[in-house]
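Here's the structure, in structure tokens; my notes come after.
The values are calculated or read from the model by the stated rules, or taken from the named source; none is laboratory data. Predicted, not measured: the structure shown is a model, and the values here were computed from it. Heads up, the Cβs are rebuilt from the backbone with ideal geometry, glycines too, and the neighbour counts pull from every protein chain shown. Just so you know, the surface numbers come from the protein's heavy atoms only, side chains and all, with ligands and any DNA or RNA stripped out. Shrake-Rupley method; radii C 1.70, N 1.55, O 1.52, S 1.80 Å.
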Amino acid sequence: MTEVKFFRRRVVGVILAIALVVGAGSIAYLNRSSIRNAFEQIQGNDYVGSGKGEAFIEIASGDSGEDVARALVDAGVVKSYRTTYKLILEQNPTFFPGTYKLKLEMSSSAALAALADPQNSVVNRVTIKEGLRISVVFKVLSEATGIPVDDFKLAASQLEKFDLPEAAPSLEGYLFPATYTFEPKADALAILKTMRERMQQELDSFGVSKEETHRVLTLAGLVQKEARLEADFYKASRTFLNRLDKGMKLQSDATVSYGVNGDTVSTSAADRANDNGYNTYLHEGLPIGPIGAPGRVAIDAALHPADGDWLYFCTINLETGETVFSSTYAEHEKAVALWRAWMKDHPEYD
């Protein structure tokens, strides 16, 4: 009688435990996983509940269910490899690569459910805007990832690791501006290489050859800095190419400002007299490299300029980006007068 009573008490306990797992008093439908989870918890092979504290799990591309179960155990998320792996085999979930934030001492079912929830994916998301100089890009990346700016500077100085054209003086202009998500473990070099590879993908989509890459990005970077409205990107590109064809100096204030590490729209006589490879007032042709990160439109404009005989352009309203394109110097002087009048009324832009 004693053994029978003990057995009955144990069965009743199991049934109560199962009822708790599947929901407050409702046992209308008990699936196999719920029953198994209840027995595993009763036998001490599984934690109960959603856990406590926090733990991070990394799933790599190609990881199997065995790999995931083992990682969960090693991190203290679940109690038993065997129990967790059996549940994985039964549920056959899809695991996506990434780093996930879970809790310690979770039930196997809760842990697998957490891995399936994209809200638990931990990434550093950062948006790099078109036209930013690489020094600013480093600051934006640092703020998003917590990696020191100096780490990015050091990584960027290792030019041999980025498959750049021989003419490239730096990594400037070779990092594609876009929104990225980086794993928490990604270091500065890995991040910059990802951005460089993304730029190469963009160039490949346009069919840009390796021999043309530096010229295209240098022109695109210049167009990105000088134009504001999308239609003007293509007109600015044509204007620069027309000047190059005629042997005229580009005389871009944007290149002059970059060469002296300035940040103003206009430049001084001293700036324009500074002898550096980016000064297109002193030197003929394109600058020695890009002066910022060109986006897709700027690259497209460099490759497919508009038709026109313009030789000059001047932005006459820095708020709206309105720009006047001119074929003669007399027309250009009129546009410059409009710009100077606008600047007089808006000294904050000087």
Restricting segment 62-91 to residues that are open to solvent by 50 Å² or more (accessible area, probe 1.4 Å) and without any contact (Cβ under 8 Å) to a residue 24 or more places away in the chain, the one nearest to residue 113 (Cα to Cα) turns out to be 85
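Assess whether residue 182 counts as being among the hydrophobic types (A, V, I, L, M, F, W, C) and under 23 Å from residue 234 (Cα atoms). Full working, then the answer.
Values: among the hydrophobic types (A, V, I, L, M, F, W, C): yes; under 23 Å from residue 234 (Cα atoms): no.
So residue 182 fails the test.
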Pairs returned, first residue in segment 112-136 that is within 30 Å of residue 224 (Cα to Cα) and in contact (Cβ under 8 Å) with a residue 60 or more places away in the chain, second residue that is basic (Lys, Arg) and assigned to a helix (DSSP H, G or I), beta-carbon separation under 6 angstrom, 6 or more apart or interchain, are 131/225
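Rundown of residues vs (1) open to solvent by 30 Å² or more (accessible area, probe 1.4 Å); (2) more than 30 Å from residue 52 (Cβ to Cβ), yes/no style:
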residue	(1), (2)
107	no, no
117	yes, no
124	yes, no
128	no, yes
137	no, yes
150	yes, yes
155	no, yes
Breaking point among (1) open to solvent by less than 30 Å² (accessible area, probe 1.4 Å); (2) out of contact with any helix residue (DSSP H, G or I) (no Cβ under 7 Å at 6 or more places or on another chain); (3) in a loop (DSSP other than H, G, I, E, B); (4) not acidic (Asp, Glu), for residue 99: (3)
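Can you list the helices (runs of 4 or more DSSP H) lying wholly within segment 197-300 that have 2 or more residues being in contact with a His (Cβ under 9 Å, 6 or more places away or on another chain)? Can you show your working first?
On the way: elements: 213-226, 230-245, 253-259, 269-273.
In segment 197-300, 230-245 are the helices (runs of 4 or more DSSP H) which contain 2 or more residues that are in contact with a His (Cβ under 9 Å, 6 or more places away or on another chain).
Table: residues versus (1) part of a helix (DSSP H, G or I); (2) modelled with pLDDT under 60; (3) of a type outside the set (Phe, Trp, Tyr).
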site: 20; (1), (2), (3): yes, yes, yes
site: 24; (1), (2), (3): no, yes, yes
site: 28; (1), (2), (3): no, yes, yes
site: 47; (1), (2), (3): no, no, no
site: 58; (1), (2), (3): no, no, yes
site: 61; (1), (2), (3): no, no, yes
site: 77; (1), (2), (3): no, no, yes
Out of curiosity, is residue 312 aromatic (Phe, Trp, Tyr) and surrounded by 12 or more Cβ atoms within 10 Å (Cβ to Cβ)? yes
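Would you confirm, using the coordinates I've provided, whether residue 172 is closer than 24 Å to residue 223 by Cα, free of Cβ contacts under 8 Å to residues at least 12 places away in the same chain, not hydroxyl-bearing (Ser, Thr, Tyr) and not in a helix (DSSP H, G or I)? Spell out the reasoning first.
Details: closer than 24 Å to residue 223 by Cα: yes; free of Cβ contacts under 8 Å to residues at least 12 places away in the same chain: no; not hydroxyl-bearing (Ser, Thr, Tyr): yes; not in a helix (DSSP H, G or I): yes.
For residue 172, the condition - closer than 24 Å to residue 223 by Cα, free of Cβ contacts under 8 Å to residues at least 12 places away in the same chain, not hydroxyl-bearing (Ser, Thr, Tyr) and not in a helix (DSSP H, G or I) - is not met.
Looking only at residues in segment 308-345 that are small (Gly, Ala, Ser) and in a loop (DSSP other than H, G, I, E, B), which one is modelled with the lowest pLDDT? I'd like the intermediate steps shown before the answer.
Initially, segment 308-345 is screened for residues small (Gly, Ala, Ser), giving 308, 321, 326-327, 330, 335, 337, 341.
This time we only want the ones that are in a loop (DSSP other than H, G, I, E, B), so: 308, 321, 327.
Numbers: 308: 97, 321: 91, 327: 96.
Selected residue: 321.
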If a residue must be in contact with a strand residue (DSSP E or B) (Cβ under 6 Å, 6 or more places away or on another chain), farther than 25 Å from residue 298 by Cβ and outside any helix (DSSP H, G or I), how many such residues does segment 106-164 contain? 4
Please go through segment 228-267 and give me each residue that is open to solvent by 20 Å² or more (accessible area, probe 1.4 Å), of a type in the set (A, V, I, L, M, F, W, C) and within 32 Å of the chain's Cα centre (by Cα), ordered by number. 229, 231, 241, 254, 260, 265
Return a yes/no flag: does segment 282-290 have any residue that is within 23 Å of residue 346 (Cα to Cα) and either among the hydroxyl-bearing types (Ser, Thr, Tyr) or within 30 Å of the chain's Cα centre (by Cα) (or both). no
How many of the residues in segment 190-207 are of a type in the set (A, V, I, L, M, F, W, C), over 14 Å from the mean Cα position of the chain (by Cα) and open to solvent by 20 Å² or more (accessible area, probe 1.4 Å)? 1
